[in-house]
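The values are calculated or read from the model by the stated rules, or taken from the named source; none is laboratory data. Here the structure is a predicted model, which means the values were calculated and not measured. All Cβ positions, even for glycine, are placed from backbone atoms using ideal geometry, and neighbour counts span all protein chains on display. Ligands, DNA and RNA are excluded from the accessible area calculation, which covers all protein heavy atoms including side chains. Shrake-Rupley method; radii C 1.70, N 1.55, O 1.52, S 1.80 Å.
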Amino acid sequence: MSLGSAEDHLYPEVDAYDHGRLQVDDLHEIYYEQSGNPSGKPVVFLHGGPGSGVTVHDRRFFDPKVYRIVLFDQRGAGRSTPNAELKDNTTWHLVADIEKIRKHLGIDKWVVFGGSWGSTLALSYAETHPDKVKALILRGIFTLRRKELLWFYQDGASHLFPDLWENYLAPIPDVERHDMMSAYYRRLTGDDEKTKIQCARAWSAWECGTAKLLIDESHIQKADEDKWAVQFARIECHYFVHGGFFKCDDQLIRDVDKIRHIPCTIVQGRYDVVCPARTAWDLHKKWPEAEFYMVSLAGHASREPDTAALLVQAADKYKSL
């Protein structure tokens, strides 16, 4: 495979035929939408972050003539409310929300698609509700092990992007830089709005800047959107300082035997510095039955050409389920 354009592989843009809001508890209301074929085969797209929200482009991995495509904004993200809310916002609340959406829409079982944090949530959901999952499509594997978090937010990716790293360091005093995630968390959950926005922008720009094989300045500019940056940074940092709310550091890989019977495709960028290939490789070794692709010319992003091609290929394969 070779570099080209993701547009060469994705399905055309399609409008949502349905959208709504689901009250999942006394506090949180979730935005969801459906596109494609109303009588088609259900697939749910789980966005990254946590906190990034969904976009219209996320519909394009799936054949709209075949799939009933379900997208939703996770708690506190996108159009879900309250905005950037951290109370009652954990992995297991999100797993329960996926089930509530499935039941609300009258779906029996579905294909589950997730990249980056979306792969974390997809694995968490599948290991909790394996009987509701027809197949898994996973990209940029992330399991929130401490070493994965330290690589990206403390010492690792910093050696590959020292210029961008300086901007990430800038809001934090030297005396606190031994624990960057905790330092950011204090500011992102504090009462100083100016500091909160400054830190949200810096945190978000660090990830946006490192997400692709080649730095994309237009992608970094997304961090200048204050509402999105605060959602993204606050919710991510909340999950990361709490270890994803898992029982143990390697819970998702440890418990993979619960889902080894489920068809699965794993797509991993060789040069992904946000979610390095080590984690995908560890999952692959524990789950040899799953299809595994290491994409030579790719970083982290789902819309890099060869990654997009393999994700569409996987979704096309599971049309027959």
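Applying the selection to the stretch 283-304, what residues are farther than 30 Å from Pro12 by Cα and either in a loop (DSSP other than H, G, I, E, B) or free of Cβ contacts under 8 Å to residues at least 40 places away in the same chain (or both)? Don't jump to the end; show me each part of the working.
Of all residues in the stretch 283-304, those farther than 30 Å from Pro12 by Cα come to 283-289.
Matches in the stretch 283-304: His284, Lys285, Lys286, Trp287, Pro288, Glu289.
Taking the stretch 223-256 as the range and being in contact (Cβ under 8 Å) with a residue 12 or more places away in the chain and open to solvent by 60 Å² or more (accessible area, probe 1.4 Å) as the test, the residues that pass are Asp224, Lys227, His242, Asp249, Asp250. Of all residues in the stretch 140-163, those being part of a helix (DSSP H, G or I) and open to solvent by 30 Å² or more (accessible area, probe 1.4 Å) number 7.
Taking residues in the stretch 53-78 that are buried (at least 24 other Cβ atoms within 10 Å of the Cβ), and partners anywhere that are in a helix (DSSP H, G or I) and among the small types (Gly, Ala, Ser), the pairs with Cβ atoms closer than 6 Å and at least 6 places apart or on different chains are Phe61/Ala315; Phe62/Ala315.
Tell me, please, whether a residue that is assigned to a helix (DSSP H, G or I), over 16 Å from the mean Cα position of the chain (by Cα) and modelled with pLDDT of 95 or more can be found in the stretch 257-266. Before you say what the answer is, go through the steps one by one.
The first filter runs over the stretch 257-266 and keeps only residues assigned to a helix (DSSP H, G or I), leaving 257-258.
If we keep only those that are over 16 Å from the mean Cα position of the chain (by Cα) too, we end up with 257-258.
Now drop any that are not modelled with pLDDT of 95 or more, which leaves 257-258.
Scanning the stretch 257-266 turns up at least one residue that is assigned to a helix (DSSP H, G or I), over 16 Å from the mean Cα position of the chain (by Cα) and modelled with pLDDT of 95 or more.
The criterion of at least 1 residues that are closer than 19 Å to Lys109 by Cα and of a type in the set (A, V, I, L, M) is met by the following strands (runs of 3 or more DSSP E) wholly inside the stretch 21-76: 41-46, 67-72. For the stretch 190-211, the candidate set comprises residues that are part of a helix (DSSP H, G or I) and acidic (Asp, Glu); within that set, the residue that is farthest from Ala170 (Cα to Cα) is Glu193.
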